[in-house]
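These notes are about the structure you will find just below.
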Ligand code: GAL
């Protein structure tokens, strides 16, 4: 155990501290930067200077231009106008603001959509999406891609060596609003993708199980993207998994293509990113590997979530930022920023409550706490007309008075000075924290597969994953959400929640990880199928039996109004979402058993030692997560690792020598701060939306 921690500390200190393009724009000594979106095209040009000057005075150090301005850049096919943008860039520079320049691919101008309607995306009902908003062109259209390529190259040539431009954002929240594109272009590309994957139609028929119900195809040309509107019921599950993988590849290919084009022209110091909605179809950031790093966007108070306690709807929930921090930090470039955070009320929520005073600031500190490089808030000014009327900005509608969120940013900019002064570049994560470090293995293919075949209406993949995420944050454990590309040995603990699709190579990696001293936790649904979602011609989840110590396993569900019982360590727990019911192999400890139903006495949680490490299998998914929490605590304590016990909503993180604690709950929280600590911001009595930062 101790050896593993030492290896981990060494790896951590050598990999994280090399200088990258991102570090050039956001030097480590500055810790964190604040930016704000500005749309010169939306405002009278005589106001630009006033606005940008004000932005700089508020402590903002960079702005963000042009992701929706294709219509202004190329008002007619082949006629370009960049002078307005030149002027906006130079005004930003005049006030010391750096600029993130964006490619305008989400908003093709009207001439493009009208002259070449074949570029448009198509809904499942056959309706083509028309000009009038944004994100209406298909990544699968070669014509659209070539027009995008042209405007991107022109932008890159013009601004690629402009010292005010620090980097580039590709597109905006690429994802077609979560819509599947059923255009002919997409149909055609899907067939080519399948041909490449399967080689022969027989292989596809076999993988999709097409002999049943006479689903067999004779040629690839007969295949259409699975579409519930064209079918009497749910599509074939393998076809759906391929659709999701294809869409994710199409999108990533579109982003990577733009990155390659930019790279041809731009200065080495300028970086390339895009801004992604976390866990959102068809986005799979793992595939976007031509970028320098990724960023995400988040809106926490939109009437969709109750939050914690009676004021929770004004605060948001901690995993919305926390999980994204811990995941995006591990994509390409091993760095992240947050490209959009609301500075106040939005216009598009279910209802649009005011965030609690302080919440905007707390979210920014949460991004900081995760190791983020920056927050670029959305947006500087509130629109007076058109799309996004009513959306708050850093300024009120008069364009000069700061909104409450704007004032919170000014406060953060001041506080950051204090943190910079206290920053010790030599600080390293304390050993006690490092000893708790855990990787959560996450793969979009599992998400797609289980969301499509939930098996019970009570299954929610992200609720399951977040249950573990939140309990681990309650232990004050540093968490990394990682893909299989990562080296597992960096982590003393590794959890693969509901990792349904796998192959023998992954099971072997897990086995080695455990033999060498790692603590592996697997949860229900893991290993049921191969990578193409085929069940094994063997007992359910057979490939993990030996590793986890399972002899036999089946699963059960209960109705939502009834609960099954589980006994563990003299305590009783309830479940009704999912239960893997097991008997175990000799040498395996049974940590929890079902105490009712016809399988009373069967195992619910098992644990075994193997080599220098351990494997724990948690078969039940409960509503309150209490069983899962107690089991995870026992895994940690049997490994000799101490954990904290923070209530849900109190977030405690460590970054660069600073401890940061945030309060997402509706109640005052008393925070334990060691006496020797130097408190830099706030104090131990943490109000809702409060922030306290100290150094030890
Ligand atoms: C985001 C989007 C922005 C803006 C914002 C409004 O999802 O990327 O362009 O529309 O919502 O809250």
- Return 41, 250 ranked ascending by Cβ neighbour count within 10 Å, so the fewest neighbours appear first. 41, 250
- Query: Given a Förster radius of 25 Å and the C-beta distance between residue 516 and residue 483 as r, what FRET efficiency does 1/(1 + (r/R0)^6) yield to the nearest 0.05?
  - Reply: 0.75
- Message: Given an 8 Å cut-off on Cα distances and at least 6 residues of separation, report the relative contact order of region 623-693 as a percent.
- Response: 23
- Query: Label residue 146 and residue 696 with points 7 Å out from Cα along Cα→Cβ: what is the distance between them in nm?
  - Reply: 6.2
- Message: Could you give the length gained by full extension between residue 505 and residue 546, i.e. 0.36 nm per residue of separation minus their alpha carbon distance, to one decimal place?
- Response: 13.3 nm
- Task: Order the peptides 595-601, 161-167 from the highest to the lowest mean number of other Cβ atoms within 10 Å of their residues.
- Result: 161-167, 595-601
- Computed lengthening from residue 426 to residue 589, 0.36 nm per intervening residue step minus Cα-Cα distance: 54.4 nm
- Task: Please order 410, 364 by the number of other Cβ within 10 Å, starting at the fewest.
- Result: 410, 364
- Task: Would you mind pulling out the separation of the Cα centroids of region 127-172 and region 541-578, in Å?
- Result: 50
- Query: Stretched out fully, how many nm does the piece from residue 672 to residue 612 gain, at 0.36 nm a residue minus the Cα gap?
  - Reply: 18.2 nm
- D for the chain, whole µm²/s, Stokes-Einstein with Kirkwood Rh over alpha-carbon pairs at 4 °C and 1.567 mPa s: what number? 48
- Packing-based order for 608-617, 585-594, using average beta carbon neighbours within 10 Å, highest first: 608-617, 585-594
- Take the alpha carbon gyration tensor of region 437-638, find the square roots of its eigenvalues, order them as a ≥ b ≥ c, and report rounded if a/c is under 1.5; if not, report prolate when a/b exceeds b/c, else oblate. rounded
- Distance between Cα centroids, region 331-355 to region 612-669: provide it in whole Å. 26
- Task: Return, ordered by residue number, the residues of region 522-560 whose backbone nitrogen is under 16 Å from a label point located 7 Å along Cα→Cβ of residue 596.
- Result: 557-560
- Query: In nanometres, what is the gap between the two model label sites at residue 94 and residue 53, each 7 Å from Cα along Cα-to-Cβ?
  - Reply: 0.8
- Message: Using only DSSP helix segments of four residues or longer, with each worth -39500 (n - 2.57), what per-residue ellipticity at 222 nm results for the chain after dividing by its residue count and rounding to 500?
- Response: -10000 deg cm²/dmol
- Note on the structure: Between the modelled labels at residue 560 and residue 638 (7 Å from Cα along Cα→Cβ) the distance in nm is 3.5
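Based only on other Cβ atoms within 10 Å, what is the fewest-to-most ordering of 420, 381, 361?
Neighbour counts put them in this order, fewest first: 420, 361, 381.
Where Rh is the Kirkwood radius over the Cα pairs of region 555-659, the temperature 20 °C and the viscosity 1.002 mPa s, what D in µm²/s does Stokes-Einstein return?
It comes out at roughly 141 µm²/s.
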- Task: Would you mind putting 70-78, 265-273, 115-123, 669-677 in packing order, based on average other-beta-carbon counts within 10 Å, highest first?
- Result: 265-273, 115-123, 70-78, 669-677
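Since every read-out is calculated from the coordinates, none of them should be taken as a lab result. Because the structure is a prediction, the values reported are computed rather than measured. Neighbour counts are summed over all protein chains in view; Cβ atoms, including those assigned to glycine, are modelled from backbone coordinates with ideal geometry.
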